[in-house]
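Worksheet: one structure, shown below.
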Amino acid sequence: MKYISTRDKSIGLTSSQAIAKGISSEGGLFVPETIPELSYEKIKSLIPLDYIQRAKEILKLFLTDFSADELDYCVENAYKEGKFSSEKVAPTVSVYDNVNLIELWRGPTCAFKDMALQLLPYLLTVSAKKACPDEKIVILVATSGDTGKAALEGFRDVPNTEILVFYPVDGVSPMQKLQMTTQEGENVNVCAIKGNFDDAQNGVKAIFTNKEIEEKFKANSLAFSSANSINWGRLVPQIVYYVSAYCDLVEQGKIELGDKMNVVVPTGNFGNILAAFYAKEMGVPIKKLICASNANNVLTDFINTGVYDKNRQFYMTASPSMDILISSNLERLLFLLSDMDDRFVSDIMNQLKTTGRYEVPKKVLSALQDSFAAGFCDDEATKKTIKETYEKYNYLCDTHTAVAVNVANDYIAKTGDRTPMVIASTANPYKFSKSVLSALTDDVKSTDEFSMVDELNELTGVPVPVQLASLKNKTPRFNNVSSKEEMPKVVLNMLGL
Ligand SMILES: *Cc1c(COP(=O)(O)O)cnc(C)c1O
């Protein structure tokens, strides 16, 4: 299978070349030229399998230049016993009626990013061996909190790689910050940026095409790649869990094979929900993909009107990993919905860059609305949802998941659509203890992060993940803060160039 760029269809790479490169030289994103099909027969054959086996079956359809041995090596190491706190890796659990959650936060850093970032280092090192065997890979990451930690953990001490993470200095939760600044490993580096996530993401994108850096990299046999969801290797592992969730619903007797499900995803950079769209296009019976946003509701407006306009106020919310106004992966969706029109995509991405706004034609909008619905809620509604979901159904969700639960409830109330639902649960509640605790009680006694963790635990009895509890005793290693203009210099410094 060939991979083409959303801005230049004539580029044809293997999957390992696309993963090693991360982003196409003209700025486009790599996508598979065709979408492999999953027949009902095939889905049926996946139902009795465990997560690792399901993953191998799905991934081999996309990563066609990986040998069976290579895929076995990657997948078995990524999801091996002991890495995830559920033997099912990503369990699908009932919340109420026909509403289910798929818990994607059972991995080492307690957010859904682990689902992809435990696998990506294996995919990337195997890819690099094929695509550019003599180069050391430098991973650059812009993070709204969870990707950074998951990528650091995934790439820590992976031979022949260096990883550098940039995060918005005031844009992450205290727990997220501590997770990153205390990161262990010889090949890791972390830097805070004065600005928001979009600034960090734009800064990273600019470094990829910075001429001075490019020359220094060539001279030193270094090559960039990305661990953000612009990298296909980040996206493809995420397709697996939507197929797996469907198999789980059938296995649990909640639907019959062939029945449809709805999928609700708390969305920021549009990576997670795009993976669900790929699953749908492959043939998983999905009726609607429901895109849930927080107060940064640029995607809600886009899906409802066809106008994407990032010229609006940016809010820092209780769900920081969704505080994004430029959702990179939308580019891939627009490419697919426009019947792979690379000129159209280049054009609107140019408009976005120069004016911050674009509008898609009617045909694209109607294709968009065939598959997607959208909604949003603010922090107050998010907290109310955390409290209600806990009190009514005894399920404690984090702030991001709560946005999705809120939008799911709204969608059901507005449409009367009772199709069984799977909501992506994207983080463990203890990553956002302060917000979750203050959602449950008006009378928070603690002032520091770890007392809040304890207080939340006493109040609910929900166990605290050891990875988070143990941060209490660690000292931060990385305290640097820089401006976004200084990012290229920071990169060169960190690499000793
Ligand atoms: C990253 C993240 C999201 C948003 O996912 P995208 O793929 O960027 O849309 C939602 N919730 C949590 C907890 C996250 O870490």
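Results, tabulated for the structure shown:
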| item | result |
| --- | --- |
| ³J(HN,Hα) computed for each position of segment 407-420 - Karplus, 6.51 cos²θ - 1.76 cosθ + 1.60, integer Hz, glycine/proline x | 5, 4, 4, 4, 4, 5, 5, 6, 9, x, 6, 9, 4, x |
| Nearest-10 value in Å² for the accessible area of Ser85, using the 1.4 Å probe | 80 Å² |
| FRET efficiency for Ser366 and Tyr96, using Cβ-Cβ distance with R0 set to 30 Å, rounded to 0.05 | 0.35 |
| Nonlocal amide H pairs with Ile290, under 5 Å, H built at 1.01 Å | Val263, Val264, Val265, Ala373 |
| Positive-end extreme of charge dipole, segment 2-71 - chosen from Thr6, Ser16, Ala55 (charges on Cβ) | Thr6 |
| Derived scalar couplings ³J(HN,Hα) [segment 312-321; Karplus, 6.51 cos²θ - 1.76 cosθ + 1.60; whole Hz; x for Gly, Pro] | 7, 5, 9, 10, 8, 10, 6, 10, x, 6 |
| Cα-projected label distance for Lys353 with Asp259, points at 7 Å along beta-carbon direction, nm | 4.8 nm |
| Sequence ranges 238-250, 22-34, 189-201, ranked by mean other-Cβ count within 10 angstrom, highest first | 238-250, 189-201, 22-34 |
| Probe 1.4 Å, all protein chains present, accessible-area order of Thr355, Thr399, largest first | Thr355, Thr399 |
| Simple label model, 7 Å out from Cα along Cβ direction - Asn493 to Asp309, nm | 4.0 nm |
| Segment 285-374: radius of gyration and largest Cα-Cα distance (Dmax), Å | 13.1, 39 |
| Contact order relative to length of segment 421-497, as percent, for alpha carbon pairs under 8 angstrom and 6 or more apart | 22 percent |
| Positive-end extreme of charge dipole, the chain - chosen from Gly283, Ala223, Val250 (charges on Cβ) | Ala223 |
| Share of carbon and sulfur in the accessible heavy-atom surface of the chain [1.4 Å probe, %] | 47 percent |
| Proximal lysines to Lys9, defined as alpha-carbon separation beneath 17 angstrom and excluding residues fewer than eight positions away on the same chain | Lys21 |
| Packing-based order for 136-148, 415-427, using average beta carbon neighbours within 10 Å, highest first | 136-148, 415-427 |
| In Å², nearest 10: area of Lys177 left accessible to a 1.4 Å probe | 80 Å² |
| Part-to-part distance (alpha-carbon centres) for segment 162-207 and segment 112-134, which is given in Å | 20 Å |
| Net charge dipole size for segment 295-450 [Lys, Arg +1 and Asp, Glu -1 on Cβ; Debye, nearest 20] | 120 debye |
| Euclidean distance of C-alpha centroids, segment 472-497 and segment 47-94, integer Å | 34 Å |
| Proximal aspartates and glutamates to Lys218, defined as alpha-carbon separation beneath 14 angstrom and excluding residues fewer than eight positions away on the same chain | Asp134, Glu135 |
| 3J(HN,Hα) from dihedral phi, segment 210-216, Karplus parametrisation 6.51/-1.76/1.60, rounded to Hz, x for glycine, proline | 6, 5, 4, 5, 4, 5, 4 |
| Value of relative contact order over the chain, rounded to a whole percent, pairs C-alpha under 8 Å and six or more apart | 19 percent |
| Sorted peptide list for 468-478, 402-412, criterion being average Cβ within 10 angstrom, highest first | 402-412, 468-478 |
| For segment 254-333, average projected area of the Cα convex hull in nm² | 6.0 nm² |
| Computed magnitude of the charge dipole of segment 220-296 (debye, nearest 20; Cβ of K, R +1, Cβ of D, E -1) | 200 debye |
| Positive minus negative residues near Ser451 (Lys, Arg vs Asp, Glu; Cβ under 13 Å) | -2 |
| Against the rule of thumb 2.2 N^0.38 Å, how large the Cα Rg of the chain comes out | 0.91 |
| By accessible area with a 1.4 Å probe, ligands and nucleic acids excluded, highest first: order of Asp72, Asp347 | Asp347, Asp72 |
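The values are calculated or read from the model by the stated rules, or taken from the named source; none is laboratory data. The shown structure was predicted, so the numbers you read here are calculated from the model rather than taken from an experiment. Using ideal geometry, Cβ is built from the backbone for each residue, glycine included, and neighbour counts are taken over all protein chains shown. The accessibility values were calculated without ligands, DNA or RNA, using every heavy atom of the protein model including side chains. Shrake-Rupley method; radii C 1.70, N 1.55, O 1.52, S 1.80 Å.
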